[in-house]
Amino acid sequence: MSDAAITVHNLYRFFGPLQAVNGVSFEIPHGSVCGFVGANGAGKTTTMRILASLDYPTMGHAEICGINVIHHPAEVRKLIGWMPDHFGNYDNMTVLEYLDFYARALGYKGAERRERIDEVMDFTDLVPLADRFSNKLSKGMTQRLCLGRSLLHDPQVLIMDEPAAGLDPKARVELKHLIRVLAKEGKTIFISSHILSELGEMCDSLLFINDGRIVHHGDSESLKKSTDTLGGVLYDVQLDGDPQALSDWAVLQPNIEFLESRKNGGRIRIDTEDPNKAADVLSRMVRENLRVIDFHREQRNLEDAFIDLLANLEKDKQTVPSPPPLPQANPPSAPPEPPLP
Amino acid sequence: MHLSDFPDRLSPMLVKELRQGLRTRSFIAVFLALQAILAVILLAAGAGATSDNAGDTISNIIFVFFSIAVIIIQPMRGIAALSSEVKGNTIDMMVLTRLSAWRIVAGKWSAIVSQSALILVTIVPYLILRYFFGGMNLFGEIMFLALIFLSSATLTAVTVGLSASSSVILRSVLPMIALPFGAYSMLMMFMFSGMRGGGGGIAEIVSLSTTESQIGVSLYIATCAYAGFFFLSIGTSLIAPYAENHSTLRRLISFVVTCIAAMIGSTDLVTDADVLPLLFTMILAPVFAISLTEFAPLVSPTYSRFTKFGLPGKLAGFFLFPGWPSGVFFCALLSLISAIPFVLNDHSYGDDHYMYGLICLASLLFPAVVVNLLRTQGAQRVSNYVLFLIASGVITAVLAGIAESMSSKGFLWLFLWIPPVLFALEEMSRSGDAVLIASVAITLILFGILIVMALAAYRKSLVEIEKSINPQ
């Protein structure tokens, strides 16, 4: 038994030869918001599905609030709210009927059911949409409906797989706000997303997964620091004129690395933190006829950290001749497929 | 802003499906069209009712249109029942509630059947009007109507159960072909009964006035209940999460049904020697289809429920654990039980019956061997089994046709490995001995292959489950 809200230990999930989850271990404390980050196919959804008791691991174990997901799925389901990455809505069913169906399915009866539906509709601002058909909602409204559904039984742990995917900025802000409120209420939230900046703002900690393995677990600051192996300072440079001139110029400069093109210029890394050197670089640019209209220092963001992290891993892979052995000597050679299509 | 259209005691699935279903265009169209057609026909018949057979004709018309509505259109609405939930990823959200996979499937089925019941209720006023035309076998016609409704419920169970399949052929194409074909057969039956003894012909047969009628109707009801349960059960297995064990109950039910059939078969109650092989085929076919292909990993909660009873529990698990390896042993057990009445009443059965039984058994085993040799995974296993079973029947029909046209059956021996071909060989052969020996050999070979594969898979699953329970 663990005190953590979510405990995953040595979790493996194989689909035939594919090792979707490869020895994942982590703990998420009660009441915290944890972001789950990784490229497509890194193993995020599989891990989350196992935690939601919708899939089973080939090996290892997972617990929600100390209850084993594999041995006691029914108990675990009472504790979790699940938002899948994609889902369909029902034809010929209004928003109110949709929530009423799930409330009935969760065992709520009579006045208690009505009360729960009202609370959830208020919280997710679905009251004005009550009589709208659920399959005619916008993506943002649909996500709110799905969040409402997952909150009907007031779960302690929310598992959200890419909830912000496909949302417009307004809907994203609304969703972020709802997640913040839920976090304040003390719910443990395990959320995956591709939008790292948003996760950085919302989450107490971040879990990075790559090729089925956890490659980082910590807060966003520790990630930024730990992955910054190159040092130096980043600068955003904007030009009046051809932005290509900046990259052409930077290639010829020692101690300057051109990182990425932007609309009117680009992003460079100067390999020292000395501000005098930055001033030198700027004056050199001007001397060499680059019409600089903006030159400012930038913080490393999570995207940089993530890309550096992946690059470091790739480098490590190339230097290490063979992959590390599995912790258990004989994992099943032909693991079965999941029961759901 | 509260909903009070359905009471709390109704199943949530039924409420959801009724809310959606009653709004669908297909239901509204069928409902209104049936009313309009029957009203017009009844008015027309009433205006020109001069013939003595007017009442029977009206009955036949009512039954034909009612049958089209509830035997073709209503079951077809089940074609997408579960596949739409699977595709929409809403099954996951449902299984995380208190709804079990069985309740989801049963709710889908009961909603369509409730709508068919609504159509049935609206037929009653027309039957009352028809009464005034005279010559009505009231009880027989009510029974007939009830049996059509029962057939509709069974066919709906078939389409709903198969709708969870990943195979479009099995899920949609087959029902779309089979349902109109079935309805056409029924139409022919109406016409035939009309020629034989007036429109009340079938009503007479199902009126329970004779012992044959009582046995026939009882058997039909039992068959519909069993087939309906099994197809819904197949759908349940296809959508159920790993932790839900539906296999054990299903196998226990089929075990009890097989034992009852074996007991009845061992007495003198069954006088017709052809009945018993047919009965066992009907009982065993669905059990074999699902047990030999079932993909259900053995998980610790299920395993513990058996092992807490010690050795008897483990022994029971050998036959009743979820998954195809124990399914093979279970099917072998059922085959042995089915053989008992034939052994006890040896004098009543000839080589033809043994041959028929063995070929049927081999035909049911063959697709399972193919599915396991191809290492088909997941929910596709049962779909592929049914497809291979149908394909082997179709191939046999084609080969038999070729043999017939060539007036030579010799080449059929090359296709001996497709068990239904033995039927064609037996049909064309003068001496059945060679075919009987071949059927024994093929059945033993197929069972042998399956048992060897099952033993290996069973052992492996036990090792894995022990490892997961005791990692050290």
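Computed quantities for the displayed model
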item	result
Gyration tensor verdict on the protein assembly as shown (Cα atoms; rounded if a/c is under 1.5, prolate if a/b is larger than b/c, oblate otherwise)	prolate
Alpha carbon centroid spacing (whole Å) that separates region B:271-310 from region B:69-110	24 Å
In range of the label at A:Q244: residues from region A:254-297 whose backbone nitrogen is under 20 Å from the point 7 Å along Cα→Cβ	A:258-268, A:288-293
C-alpha long axis of helix B:54-67 to longest principal axis of chain B, angle in °	40 degrees
Cα gyration tensor, chain A - rounded (a/c under 1.5), prolate or oblate	oblate
Net charge over other residues, Cβ less than 12 angstrom from the Cβ of B:L320 (K, R count +1; D, E count -1)	+3
Inter-chain shielding of A:102-112 (mean C-beta neighbours from other protein chains, 10 Å cut-off)	5
Accessible-area value, B:W102, 1.4 Å probe, nucleic acids and ligands omitted, Å²	90 Å²
Unit charges on C-beta of K, R, D, E only; dipole of region A:229-298, Debye	80 debye
Cα long-axis angle, helix B:351-373 against chain B (0 to 90 degrees, to the nearest 10)	70 degrees
Dipole magnitude of region B:244-472, debye to nearest 20 (Cβ charges: Lys/Arg +1, Asp/Glu -1, about Cα centre)	1160 debye
Pairs beyond 23 Å (Cα-Cα), from A:K44/B:K460; A:K139/A:K170; B:K314/B:K460; A:K44/B:K467	A:K44/B:K460; A:K44/B:K467
Accessible area per residue, Å², region B:244-472 with all protein chains present, probe 1.4 Å	47 Å²
Probe 1.4 Å - accessible area at B:S304, Å² to nearest ten	50 Å²
For A:68-75, mean number of other protein chain Cβ atoms within 10 Å	4
Dipole axis of region A:130-175 (+1 Lys, Arg; -1 Asp, Glu on Cβ), positive-most option in A:H153, A:A130, A:L167	A:A130
A:D100 accessible area, 1.4 Å probe, all protein chains in place, Å² to nearest 10	10 Å²
For region A:180-225, accessible area per residue (1.4 Å probe, heavy atoms of protein chains only), Å²	42 Å²
Euclidean distance of C-alpha centroids, region B:130-146 and region B:379-448, integer Å	45 Å
Whole-angstrom gap from region A:34-50 to region A:139-209, using each part's C-alpha centre	14 Å
Minimum 10 Å² accessible area buried by the other protein chains, region B:296-312 residues, probe 1.4 Å, relative to alone	B:P297, B:V299, B:S300, B:P301
Overall form of region B:11-241 per C-alpha gyration tensor (a/c, 1.5; a/b vs b/c)	prolate
Residues in region B:239-272 occluded by at least 50 Å² - accessible area, probe radius 1.4 Å, against chain by itself	B:Y242
Packing-based order for B:400-409, A:85-94, B:279-288, A:195-204, using average beta carbon neighbours within 10 Å, highest first	B:279-288, A:195-204, A:85-94, B:400-409
Number of partner chain Cβ atoms within 10 Å, mean per residue of B:93-103	6
Rounded percent of accessible protein surface that carbon and sulfur make up, the protein assembly as shown, 1.4 Å probe	63 percent
Residue-averaged [θ]222 nm for the protein assembly as shown, counting only DSSP H segments that reach four residues, each worth -39500 (n - 2.57)	-19000 deg cm²/dmol
Local electrostatic count, A:P84, Cβ distance below 10 Å [Lys/Arg +1, Asp/Glu -1]	-3
Size of charge dipole - the protein assembly as shown - debye, nearest 20, with Cβ of Lys, Arg +1 and Asp, Glu -1, no other charges	560 debye
Trypsin sites (Lys or Arg not before Pro) restricted to region A:142-234 and DSSP loop, no more than 13 other C-beta within 10 Å	none
Accessible surface buried once A binds B (1.4 Å probe; total of both sides; Å²)	4400 Å²
Within straight-line cross-link reach of A:K109, lysines at Cα separation under 24 Å, skipping those fewer than 8 residues along the same chain	A:K78, B:K16, B:K108
Rounded accessible area per residue of region A:231-278, 1.4 Å, Å²	51 Å²
Between 0 and 90°, nearest 10: helix A:302-319 axis offset from chain A longest Cα axis	80 degrees
Heavy-atom accessible area ranking, 1.4 Å probe, most first, across B:I449, B:I205	B:I205, B:I449
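The values are calculated or read from the model by the stated rules, or taken from the named source; none is laboratory data. Since we're looking at a predicted model, the values are computed, not measured. Methodologically, a virtual Cβ is constructed for each residue, glycine included, from the backbone with ideal geometry; neighbour enumeration extends over all protein chains shown. We work out accessible area using only protein heavy atoms, side chains counted, and drop any ligands, DNA or RNA first. Shrake-Rupley method; radii C 1.70, N 1.55, O 1.52, S 1.80 Å.
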